[in-house]
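As structure tokens, the structure follows; a few thoughts come after it.
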Amino acid sequence: MNIKLEEAAKIVGGNIVGDKNITINAFAKIEEAQPCELTFLYLDSYNKYFAETKASAIIVKPDFPRTRNDISYIVAENPNKAFSKLINHFFRIDYKLSGIDSSAYIHPEAAIGKNTAIGKNVVISAGCRIGSNVKIFHNAVLLENVQVGDNSVIFQNVSIREECRMGRNVIIHANSVIGSDGFGYDIDENKVFHKIPQIGIVILEDDVEIGSNVSVDRASIGATIIKKGTKIDNLVQIAHNVVVGENSIIAGQAGVSGSTKIGNNTYLLGQVGIAGHIEIGDNVILHPQAGIGKSITKPGNYFGSPAKEIKEAFKLEAHYRNLPEYVERIKQLEQQVKKLQAELEKSQ
Amino acid sequence: MNIKLEEAAKIVGGNIVGDKNITINAFAKIEEAQPCELTFLYLDSYNKYFAETKASAIIVKPDFPRTRNDISYIVAENPNKAFSKLINHFFRIDYKLSGIDSSAYIHPEAAIGKNTAIGKNVVISAGCRIGSNVKIFHNAVLLENVQVGDNSVIFQNVSIREECRMGRNVIIHANSVIGSDGFGYDIDENKVFHKIPQIGIVILEDDVEIGSNVSVDRASIGATIIKKGTKIDNLVQIAHNVVVGENSIIAGQAGVSGSTKIGNNTYLLGQVGIAGHIEIGDNVILHPQAGIGKSITKPGNYFGSPAKEIKEAFKLEAHYRNLPEYVERIKQLEQQVKKLQAELEKSQ
Amino acid sequence: MNIKLEEAAKIVGGNIVGDKNITINAFAKIEEAQPCELTFLYLDSYNKYFAETKASAIIVKPDFPRTRNDISYIVAENPNKAFSKLINHFFRIDYKLSGIDSSAYIHPEAAIGKNTAIGKNVVISAGCRIGSNVKIFHNAVLLENVQVGDNSVIFQNVSIREECRMGRNVIIHANSVIGSDGFGYDIDENKVFHKIPQIGIVILEDDVEIGSNVSVDRASIGATIIKKGTKIDNLVQIAHNVVVGENSIIAGQAGVSGSTKIGNNTYLLGQVGIAGHIEIGDNVILHPQAGIGKSITKPGNYFGSPAKEIKEAFKLEAHYRNLPEYVERIKQLEQQVKKLQAELEKSQ
């Protein structure tokens, strides 16, 4: 990469303060940037790196105090988005894999689309239907009748069980499992568990992305569904018959129990846990480690375990931290009341 | 599938209200059921789907108000169990794999039982003893001297380290790891960690089921043991030297630290965390996200982090939510006492 | 193994009380030890096993009451460390793998050091540089330009994405993923997420150990870094651009969100969750299930979610458990004040 700062500013639609002709040969985080690199400042907590950064240029907000003269600025409303725009402009997502490797096994009754790449030791079982421009990396395993839509990417060591269906532009990162058996048992009078056949499937709609080491269980009956555009981070647990709406987010190590339904544009942050058989509506944000035992229909932010609306949660947490003071005040009241009683008795 | 409703009622031991001769061709969840399908109603929170379901028949409790005439009913004490019974009757658990694939590697000093199926690229190392009617799916790896009992199923991309032993009817879902090193180090005077050899093994007894992406560490010395009939869900962490009793449950994303012993018929629900070197007795239920730092010997339900008996936990949580009111009452008391003091002074 | 007790005592630098000539043929946990085995007692909670242990010899602290005469003692300051020393003396860590298997794929433009072992179906892509005495177990996949230092061990089914770099003596346990895409998206005005290319890498420095089923995401730009000597347990999530210092510990199921920096000698215990873009200093211990939303610069122990210094956390927890009592005291105060008001009115 070798561009003038002017070109970068044009791409993000920002104004230059400083030298528009300097050369940029890389993008970098502010604390790591070197000369000839372009960085950005977005969160206030990173302002401390500004005085020392070796970057030649920096994207800043309009109101940022531009106190250094040895650095050039691109001024933009949202430096974070501007930086992403540049990354997107110069770095296409391009996972390298081409051709169908001779060590891959493709069942004669599987269908593979045009320009699809299949890596080493991949197993594609009978009845699989793989679209065009798909990439399936080494050692991934697809059991019978799996469907994968066009332009999807399945990384190495991914396991996809029989009958599961993926739409177009789906990405599944390494070592994730789609369609493992749901956790369903009958218990007998001796408290012995008997496995209930899990005869359902998993459906991942278009544009879904699944992180690494994720488990999405097949439905006991019917389908576990992740709807269009929803993104799931690493080490997430999705139990049987869960339905997640469109354009939602499930961050790292969050878990959703069986048959729970989650709405559209709803975000589960890290390590959130949701009970089974409940419903979380649209536009709900569940903050990290929140524990949800009951349905939530009202949009908004929720925090704590058990979770509360965030305003209430913060208020309660503040009261909690004040408990020693409150107890002290109770003690003082008790002493004052005792004294008052004594005085009153004396005065009578 | 194509049965008369009468046949279904006979299997579950329920009574028909409506037309016993209608044809059922599938089972489905109430919110997804179509004509000619049989569904069930168990949890009250699903009653809302009753008015709209397209199912031709439904299993309900005796006291359920059967207000629709265009649907036939099977009346049963426990519709949930009845439905499972039907699933179990018509759908045997049958993971499709047969033969020993030529791409699998089986060490000449490994023993393989009758009718055992081994998938593509499987690695079975020296000294392994695999029983009869076992299925080991593609790309699974078994290191030296691993034992697998009859009728067990090991899914794709599972890793089993050397010397670990599985009983009969064990199921290990995709991408799980049995026998990775325990997390054990000595620390020196410079705070540098030195790895302690983990020379123990893992034993999974008969009828144990392990979900996908689970880690069960080998013992530092001796054995990490999961006893007969215990079921473990996805993404669970079992540290070295843990012993879990019989017919227990460990739900998704729960974790048990080193050397802790867990009793029989004890259930760890989702995201529970248990400290090391403690004991959890029989018949204990740890509710989701519970954090356990001390041994629990008394059977019962526990909730919270740190965990308390559930009645106490709920009472404390109710008080917690009332904190703003209590603080208000303290303020009022303070004002009243001040006023009383003033009046008493005046009166003296 | 077959040694005299005297030899064991010499190795750990302890004194024998009892018969120095007895033969030891194995080491074992106190609750499992058999005759001719040596065990140890360190935690008080295990003292209950002392009366019954079948061990022939036991390592104990100087002040331990040596009430049994049918057992020989090694007296040592730290029986735990002494036992580890013995394990380390007699059991070298030795993962068995040798040679380069013919089923492994090694790209002609990859470089492999001396005495390096590569298992079955391993994929080593173009540009990889693998050191000497390295072991890469079956079905592991290394994409383009991955670097692995001398003496490192990569277990089966591990996935390492392109460009990631590992130092010397690194261990990565089974089914872990190094370098999966960071969880980074732009959101548009329709609340649709657009993936930001994750163009950074992962660097694991010398002596780092990574458990099984761990996810370490590649940086959005720059590098996600785990520094020298840090040990990571199973099922841990390390998000993009995280930096973890030297000789730190991250226990099972803990998670660190994007761009957070963690210091040296800092320990995250089980299921800890840390927010993004914050800093945790050196010598900080985060207790199990702690939730960290803000930077922590002060060394010490922290507990709770949101986390507090442990002394304060325990004090607050004690107050929390006393809430019913406090509420009772408020009620009594209210009654007393009411009574005082009435009496005062009467007396006026």
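Condition first: among the hydrophobic types (A, V, I, L, M, F, W, C) and more than 14 Å from chain A (Cβ to nearest Cβ). Now tell me which residues in the stretch B:59-75 satisfy that.
Of the stretch B:59-75, the ones among the hydrophobic types (A, V, I, L, M, F, W, C) are B:59-60, B:64, B:71, B:74-75.
Across the stretch B:59-75, the qualifying residues are B:VAL60, B:PHE64, B:ILE71, B:ILE74, B:VAL75.
What single numbered condition from (1) crowded, with 18+ Cβ neighbours inside 10 Å; (2) within 18 Å of C:ASP101 (Cβ to Cβ) fails to hold for B:HIS107?
For B:HIS107, the exception is condition (1).
If I ask for residues that are small (Gly, Ala, Ser) and within 23 Å of B:HIS107 (Cβ to Cβ), which ones from the stretch C:91-111 would you list?
Filtering the stretch C:91-111 for residues small (Gly, Ala, Ser) gives C:98-99, C:102-104, C:110-111.
Matches in the stretch C:91-111: C:SER98, C:GLY99, C:SER102, C:SER103, C:ALA104.
In the stretch B:327-336, how many residues are among the polar types (S, T, N, Q) and either in a loop (DSSP other than H, G, I, E, B) or buried (at least 17 other Cβ atoms within 10 Å of the Cβ) (or both)?
Start the filter on the stretch B:327-336 by keeping residues that are among the polar types (S, T, N, Q), which leaves B:332, B:335-336.
Of the ones still in play, those that are also either in a loop (DSSP other than H, G, I, E, B) or buried (at least 17 other Cβ atoms within 10 Å of the Cβ) (or both) are B:336.
Count: 1.
Among the residues of the stretch C:307-314, is any assigned to a loop (DSSP other than H, G, I, E, B) and either under 20 Å from the mean Cα position of the chain (by Cα) or surrounded by 21 or more Cβ atoms within 10 Å (Cβ to Cβ) (or both)? Outline the logic, then answer.
From the stretch C:307-314, those assigned to a loop (DSSP other than H, G, I, E, B) are C:307; that's our starting set.
Subsequent filtering for residues that are either under 20 Å from the mean Cα position of the chain (by Cα) or surrounded by 21 or more Cβ atoms within 10 Å (Cβ to Cβ) (or both) retains C:307.
Checking the stretch C:307-314: at least one residue is assigned to a loop (DSSP other than H, G, I, E, B) and either under 20 Å from the mean Cα position of the chain (by Cα) or surrounded by 21 or more Cβ atoms within 10 Å (Cβ to Cβ) (or both).
Please go through the stretch C:337-348 and pick out each residue that is surrounded by 13 or more Cβ atoms within 10 Å (Cβ to Cβ) and either at the interface with chain A (Cβ under 9 Å from one of its Cβ atoms) or at pLDDT 95 or above (or both).
Of all residues in the stretch C:337-348, those surrounded by 13 or more Cβ atoms within 10 Å (Cβ to Cβ) come to C:337, C:339-341, C:343-344.
The answer is C:VAL337, C:LYS339, C:LEU340, C:GLU343, C:LEU344.
Looking at the structure I just gave you, is B:ILE154 touching a residue at least 12 places away in the same chain (Cβ under 8 Å), within 14 Å of chain A (Cβ to nearest Cβ) and aliphatic (A, V, I, L, M)?
Numbers: touching a residue at least 12 places away in the same chain (Cβ under 8 Å): yes; within 14 Å of chain A (Cβ to nearest Cβ): yes; aliphatic (A, V, I, L, M): yes.
So B:ILE154 fits the description; yes.
For the stretch C:270-282, give me each residue that is farther than 20 Å from B:ILE292 by Cβ and within 11 Å of chain B (Cβ to nearest Cβ). Lay out the reasoning, then the answer.
Here is the first cut: in the stretch C:270-282, the ones farther than 20 Å from B:ILE292 by Cβ are C:274-282.
Of everything in the stretch C:270-282, just one residue is farther than 20 Å from B:ILE292 by Cβ and within 11 Å of chain B (Cβ to nearest Cβ), namely C:ASP282.
Given the structure, is A:VAL146 touching a strand residue (DSSP E or B) at 6+ places or on another chain (Cβ under 9 Å), more than 12 Å from chain C (Cβ to nearest Cβ) and under 29 Å from C:ALA140 (Cβ atoms)?
Details: touching a strand residue (DSSP E or B) at 6+ places or on another chain (Cβ under 9 Å): yes; more than 12 Å from chain C (Cβ to nearest Cβ): yes; under 29 Å from C:ALA140 (Cβ atoms): yes.
When the stated conditions are applied, A:VAL146 passes them.
Is it true that C:LYS298 is modelled with pLDDT of 95 or more, assigned to a helix (DSSP H, G or I) and either under 19 Å from C:GLY252 (Cα atoms) or not aliphatic (A, V, I, L, M) (or both)? Let's see the steps before the verdict.
Details: modelled with pLDDT of 95 or more: yes; assigned to a helix (DSSP H, G or I): no; either under 19 Å from C:GLY252 (Cα atoms) or not aliphatic (A, V, I, L, M) (or both): yes.
No.
Are any residues in the stretch C:62-99 exposed (fewer than 15 other Cβ atoms within 10 Å of the Cβ) and under 33 Å from the mean Cα position of the chain (by Cα), and if so, which ones?
C:PRO62, C:ASP63, C:GLU77, C:HIS89, C:ARG92, C:ILE93, C:ASP94, C:TYR95, C:LYS96, C:SER98, C:GLY99
Got a number for residues in the stretch B:39-59 being assigned to a loop (DSSP other than H, G, I, E, B), within 16 Å of B:ASN78 (Cα to Cα) and free of Cβ contacts under 8 Å to residues at least 40 places away in the same chain?
Residues of the stretch B:39-59 assigned to a loop (DSSP other than H, G, I, E, B): B:41-43, B:50-56.
Next, from what is left, pick out any that are within 16 Å of B:ASN78 (Cα to Cα): B:41-43.
Narrowing the set further to residues that are free of Cβ contacts under 8 Å to residues at least 40 places away in the same chain leaves B:41, B:43.
Residues in the stretch B:39-59 being assigned to a loop (DSSP other than H, G, I, E, B), within 16 Å of B:ASN78 (Cα to Cα) and free of Cβ contacts under 8 Å to residues at least 40 places away in the same chain: 2 in total.
When you scan the stretch C:130-143, how many residues do you find that are crowded, with 20+ Cβ neighbours inside 10 Å, away from every other protein chain (no Cβ under 13 Å) and under 16 Å from C:LYS96 (Cα atoms)?
1
Going residue by residue through the stretch A:36-45, is there one that turns out to be within 11 Å of chain C (Cβ to nearest Cβ), among the polar types (S, T, N, Q) and surrounded by fewer than 14 Cβ atoms within 10 Å (Cβ to Cβ)? Even if it seems obvious, please write down each step before you answer.
Of all residues in the stretch A:36-45, those within 11 Å of chain C (Cβ to nearest Cβ) come to A:37-40, A:42-45.
Add one more test, that the residue is among the polar types (S, T, N, Q), and what stays is A:39, A:45.
Now narrow it down to the ones that are surrounded by fewer than 14 Cβ atoms within 10 Å (Cβ to Cβ): A:45.
Yes: one or more hits.
State the number of residues belonging to the stretch C:252-304 that are among the polar types (S, T, N, Q), surrounded by fewer than 24 Cβ atoms within 10 Å (Cβ to Cβ) and within 17 Å of B:SER305 (Cβ to Cβ).
Of the residues in the stretch C:252-304, the ones among the polar types (S, T, N, Q) are C:253, C:257, C:259-260, C:264-266, C:271, C:283, C:289, C:295, C:297, C:301.
From what is left, the residues that are surrounded by fewer than 24 Cβ atoms within 10 Å (Cβ to Cβ) are C:260, C:264-266, C:283, C:295, C:297, C:301.
Next, only the ones that are within 17 Å of B:SER305 (Cβ to Cβ) stay: C:301.
So the count comes out to 1.
Out of all the residues in the stretch A:230-242, which are at the interface with chain C (Cβ under 9 Å from one of its Cβ atoms) and closer than 13 Å to A:ILE203 by Cα?
Hit for the stretch A:230-242 is A:THR230, nothing else.
In the stretch B:205-237, which residues are of a type in the set (A, V, I, L, M, F, W, C) and either under 13 Å from the mean Cα position of the chain (by Cα) or more than 24 Å from C:ILE172 (Cα to Cα) (or both)?
Within the stretch B:205-237, the subset of a type in the set (A, V, I, L, M, F, W, C) is B:208, B:210, B:214, B:216, B:219, B:221, B:223, B:225-226, B:232, B:235-236.
Result: B:VAL208, B:ILE210, B:VAL214, B:ILE226, B:ILE232, B:LEU235, B:VAL236.
Pull out all pairs, ordered by first then second residue, where Cβ-Cβ is under 8 Å, the residues are six or more apart or on different chains, the first lies in the stretch C:283-307 and is facing chain A (nearest Cβ under 9 Å) and within 19 Å of A:HIS287 (Cβ to Cβ), and the second is of a type in the set (D, E, K, R) and not in a strand (DSSP E or B).
C:PRO306/A:GLU317; C:PRO306/C:LYS294
Could you tell me whether A:SER102 is within 30 Å of C:GLY127 (Cα to Cα), assigned to a loop (DSSP other than H, G, I, E, B) and not acidic (Asp, Glu)? Give the derivation first.
Values: within 30 Å of C:GLY127 (Cα to Cα): yes; assigned to a loop (DSSP other than H, G, I, E, B): yes; not acidic (Asp, Glu): yes.
Criteria met by A:SER102.
If I go through the stretch B:172-195 residue by residue, how many of them are of a type outside the set (D, E, K, R) and surrounded by fewer than 24 Cβ atoms within 10 Å (Cβ to Cβ)?
Residues that pass the stated criteria total 7.
Can you name every residue in the stretch C:157-177 that is under 23 Å from C:LYS96 (Cβ atoms) and either aliphatic (A, V, I, L, M) or more than 8 Å from chain A (Cβ to nearest Cβ) (or both)? Please lay out each step first, then the result.
The initial filter retains those residues of the stretch C:157-177 that are under 23 Å from C:LYS96 (Cβ atoms), namely C:157-160, C:166, C:168-176.
Answer for the stretch C:157-177, where residues must be under 23 Å from C:LYS96 (Cβ atoms) and either aliphatic (A, V, I, L, M) or more than 8 Å from chain A (Cβ to nearest Cβ) (or both): C:VAL158, C:ILE160, C:MET166, C:ARG168, C:ASN169, C:VAL170, C:ILE171, C:ILE172, C:HIS173, C:ALA174.
Can you find, within the stretch A:308-336, the residue that is nearest to B:ARG329 (Cα to Cα) among those that are of a type in the set (Val, Ile, Thr) and at the interface with another protein chain (Cβ under 8 Å from one of its Cβ atoms)? Don't jump to the end; show me each part of the working.
Initially, the stretch A:308-336 is screened for residues of a type in the set (Val, Ile, Thr), giving A:310, A:327, A:330.
Checking which are at the interface with another protein chain (Cβ under 8 Å from one of its Cβ atoms) leaves us with A:327, A:330.
Values: A:VAL327: 13, A:ILE330: 10 Å.
Only one residue tops the list, namely A:ILE330.
Could you identify the single residue in A:LEU286, A:LEU269 that is closer than 22 Å to B:PHE314 by Cβ, of a type outside the set (Asp, Glu) and in contact with a strand residue (DSSP E or B) (Cβ under 9 Å, 6 or more places away or on another chain)?
Of the residues listed, the single one that is closer than 22 Å to B:PHE314 by Cβ, of a type outside the set (Asp, Glu) and in contact with a strand residue (DSSP E or B) (Cβ under 9 Å, 6 or more places away or on another chain) is A:LEU286.
Which residue pairs have Cβ atoms closer than 6 Å, lie 6 or more positions apart in sequence or on different chains, and pair a first residue in the stretch C:199-210 that is closer than 12 Å to C:GLY245 by Cα with a second residue that is buried (at least 24 other Cβ atoms within 10 Å of the Cβ) and not β-branched (Val, Ile, Thr)?
Filtered contacts from the stretch C:199-210: C:LEU204/C:MET166.
Can you pull out the residues in the stretch A:1-30 that are surrounded by fewer than 17 Cβ atoms within 10 Å (Cβ to Cβ), assigned to a loop (DSSP other than H, G, I, E, B) and either of a type in the set (A, V, I, L, M) or within 14 Å of chain C (Cβ to nearest Cβ) (or both)?
A:MET1, A:ASN25
How many residues are of a type in the set (D, E, K, R) and more than 20 Å from B:ALA219 (Cβ to Cβ) when one looks only at the stretch C:7-47?
If we filter the stretch C:7-47 for residues that are of a type in the set (D, E, K, R), which is where we start, we get C:7, C:10, C:19-20, C:29, C:31-32, C:37, C:44.
If we keep only those that are more than 20 Å from B:ALA219 (Cβ to Cβ) too, we end up with C:7, C:10, C:19-20, C:44.
The qualifying residues number 5.
Here's the yes/no breakdown for (1) in contact with a strand residue (DSSP E or B) (Cβ under 6 Å, 6 or more places away or on another chain); (2) within 11 Å of another protein chain (Cβ to nearest Cβ):
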position	(1), (2)
A:ARG92	no, yes
A:LYS114	no, no
A:ILE118	yes, no
A:ILE124	yes, yes
A:CYS128	yes, no
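As an exercise: evaluate A:PRO324 against (1) exposed (fewer than 15 other Cβ atoms within 10 Å of the Cβ); (2) under 24 Å from B:SER45 (Cβ atoms) and give the number of the one condition it does not meet.
(2)
The values are calculated or read from the model by the stated rules, or taken from the named source; none is laboratory data. Fair warning: this is a prediction, and the values are worked out from it, not measured in the lab. Using ideal geometry, Cβ is built from the backbone for each residue, glycine included, and neighbour counts are taken over all protein chains shown.
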